[in-house]
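Structure record follows, encoded as structure tokens.
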Amino acid sequence: MLVLVTSVIFYVFGFVFLYGVIRLGVRHGMEDLEANRAQALRAEQSIVAEERAFARDNRFLTGG
């Protein structure tokens, strides 16, 4: 009977532990996505600014 109770306790706590590990992994993944999204947005804005400056300096290439 003690073995059965111990097995059930380990079984239940195993699932609780697994849930916590998965939740922690998802949270860290979401934080990484947020950080990468901000970095990609800054890079895109920088590229757009460079392209506008290039077009302004070289109007003959843009047909304007």
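For this structure, a couple of remarks:
- Gain in span if fully extended, Ile9 to Thr62, counting 0.36 nm per residue against the direct Cα distance: 11.9 nm
- Helix axis angle, 2-57 relative to the chain longest principal axis, alpha carbon, degrees: 0
- Within the range 17-64: Cβ-based charge dipole about Cα centre, in debye rounded to nearest 20 (Lys, Arg +1; Asp, Glu -1): 100
- Coordinate range along principal axes, alpha carbons of the chain, Å, largest first: 88, 14, 9
Since every read-out is calculated from the coordinates, none of them should be taken as a lab result. Please read these numbers as outputs of a predicted model, since none were measured by experiment. Cβ atoms come from the backbone with ideal geometry, glycine included; neighbour counts cover every protein chain shown.
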